[in-house]
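None of the figures in this text is laboratory data; all of them are computed from the coordinates on show. Just so you know, these numbers come straight off a predicted model, no measurement behind them. Quick reminder, even Gly has a Cβ in these numbers, built from the backbone with ideal geometry, and neighbours come from all protein chains shown.
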Amino acid sequence: MSLARQEMLKIQNLINGQMLDPVDGKYLDNFEPATGQLYALTPDSNERDLQLAIDAADHAFPDWKNISSENRAQVLHRLADLIEHNQDDLARAEAIDNGKPITLAKNVDIYRAAANIRFFANACTQFSSEAHAMEEVAINYTLRDPLGVVACISPWNLPLYLFTWKIAPALATGNTVLAKPSEITPMTAYLFSQLCIEAGLPAGVLNVLHGSGQSIGAPLTTHPKIKAVSFTGGSNTGTTIKQATAIHHKKLSLELGGKNPTLVFADCDFDRTVKEVARSAFANQGQICLCGSRIYIEQSIFDRFTEALIEQVEQLNVGDPLNADTQLGALVSESHMNKVLSYIELAQAEGGKILTGGNQMHMDGRCSGGYFIKPTIIAGLANNCRTNQEEIFGPVCTVQAFNDDVQALMMANDSEYGLAASIWSQDISRCHLMAKQLNTGIVWINCWLLRDLRTPFGGIKASGSGREGGLEALRFFTEPKNVCIQFNS
Ligand code: NAP
């Protein structure tokens, strides 16, 4: 190993309450997307590390399960306090590791990480179960016990945000957890692991294992000790995990990809809609599963709205994620940038016209080696072409015109995905009718990404199965058991 590599920050696993190097001493490279520079090393953990973590989680389960929900909540609140206390450092780490703007990292990612932990700390103390009376015959009541050791596997686009969104309900309900963050963005899960120790989370309750999907993710999903898998990531990986877990009868929650429609009607609040539609397409460089990448605009305002959208998007400040006024940063990796660029080429081959953007951006100075793409809007494509059907997951959207509500609905639903949709219209009756008929798990009306953590979150079709959020998450991480008592006859 070169001297430079030896001196580089080495991320560690959290196993049994201790920060540990990988057993075999192997590491993966971790790059800063805005500069293209190698800046840290991530454990390339293997099955030996996995077994240590499984043993720790298994050992910790009975005690963690049996302490009161108030005591579990206390530890989780301390953890949320520590995230808030360290929000600037965590936001900077997220911006460096992922390429996202530091202001977004602080106001969205890190804010939500603390909110996730706090929400489920409170929720577990309010969780109750059902009773079903059979008049004069019997009463049934439902017990909800934690499952045991569970796996939480999260992606790179909202690293700490989605990592905590999974582990918080799992821990709050009394499970012990093996969590695997994406190898592409391991840094904030590492810093969070240190905060868990500082917060006094008992040893083994949460174990954070870094490594690749193949070496850690896949064996986690089939390990006999793992009772449930909560996964967020791509639809293809979701299919692999569904097949792998099926023969082991594990509980499974899948939050997968999206290709979300945005429906803009002529009676929308024009200026506000332009701004929000641009945000919904390009926030986090378009790397949010909920981003509206298929924009359908009513014919009568198509030209005016498209021009205003182009103007809005061209004003977005793309630059160094560490500058406070940057609105769009770098894409997460070179290979992901190349994938997005290849979709822009494909769109042109399919007959698409680039209205703005369409190319890599080359920055000066610190970011000259970074992975930046100009926000791109494409018109003139058929709804059934690959560009309009496949998830690009980058700063690329398409615009298409529709003539009436029926056509808008048909185009929006013509997708193998079914995660989210947004509707922009002042006619609330139309909005309700549309919302009911859209084949998605989430519909936003005159807003986008407005989140209430109590609501069910998730998609249908290739976008996943099961729901996260609120009671749905508490139910997923517990096993219902019905107890039936017959009255004396
Ligand atoms: P991904 O490649 O599917 O990876 C997700 C996680 O799974 C990573 O931690 C990955 O590890 C791990 N993994 C890979 N192969 C695995 C396997 N065979 N078994 C178990 N784990 C495995 O997805 P991504 O590229 O990180 O994330 C982008 C995708 O996530 C997009 O499709 C996006 O729409 C989706 N997403 C969905 C939601 C939602 O709520 N529906 C939210 C955010 C993102 P490594 O990265 O270390 O290989």
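Key figures
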item	result
Total formal charge among the other residues, if their Cβ is under 13 angstrom from that of Thr306, Lys/Arg +1 and Asp/Glu -1	-3
P(r) tail fraction, region 83-215 - alpha-carbon pairs more than 17 Å apart, %	62 percent
Cα-only radius of gyration and Dmax that characterise region 308-367, units Å	13.2, 38
Percent of alpha-carbon pairs separated by more than 31 Å within the chain	45 percent
Amide H contacts under 5 Å for Val443, placed H, 5+ residues apart	Ala421
Region 260-455 - share of DSSP beta bridges that are antiparallel (%, nearest 5)	20 percent
Charge-dipole axis of the chain as Lys and Arg at +1 and Asp and Glu at -1 on Cβ define it, positive-most pick from Thr239, Val396, Ala349	Thr239
Rounded to whole Å, sorted largest first: equivalent-ellipsoid semi-axes of region 277-330, Cα gyration tensor	24, 14, 5
Centroid-to-centroid separation of region 111-150 and region 216-271 [C-alpha atoms, Å]	23 Å
By average C-beta atoms within 10 angstrom, highest first, the peptides 75-87, 93-105	93-105, 75-87
222 nm mean residue ellipticity, helices alone, for the chain (DSSP H n ≥ 4; -39,500 (n - 2.57); rounded to 500)	-11500 deg cm²/dmol
5 angstrom amide H check on Tyr27, placed H, neighbours 5+ away	Asp44
Number of Lys pairs (Cα under 26 Å; 8 or more positions apart or on different chains) in region 260-455	6
Share antiparallel - DSSP beta bridges, the chain, percent rounded to 5	45 percent
Stokes-Einstein diffusion coefficient of region 383-471, Kirkwood radius over Cα pairs, 37 °C, 0.692 mPa s, in µm²/s	230 µm²/s
Relative packing of 123-136, 306-319, which averages over residues the other C-beta atoms within 10 Å, highest first	306-319, 123-136
Kirkwood-based shape ratio for region 260-455, expressed as Rg/Rh from alpha carbons	0.96
Gain upon complete extension [Gln299, Glu198; 0.36 nm per residue less C-alpha separation]	30.6 nm
Shape parameters for region 5-154, alpha-carbon atoms, Rg then Dmax in Å	20.6, 74
Non-local Lys pairs in region 173-261, i.e. 8 or more apart or on different chains, that have alpha carbons under 16 Å apart	9
Cβ-Cβ FRET estimate between Asn403 and Arg279, R0 fixed at 25 Å, reported to 0.05	0.40
Region 217-290 - Kirkwood radius from inverse mean 1/r over Cα pairs (Å)	14.9 Å
Distance (nanometres) between label positions extended 7 Å along Cα→Cβ at Gln243 and Asp145	3.4 nm
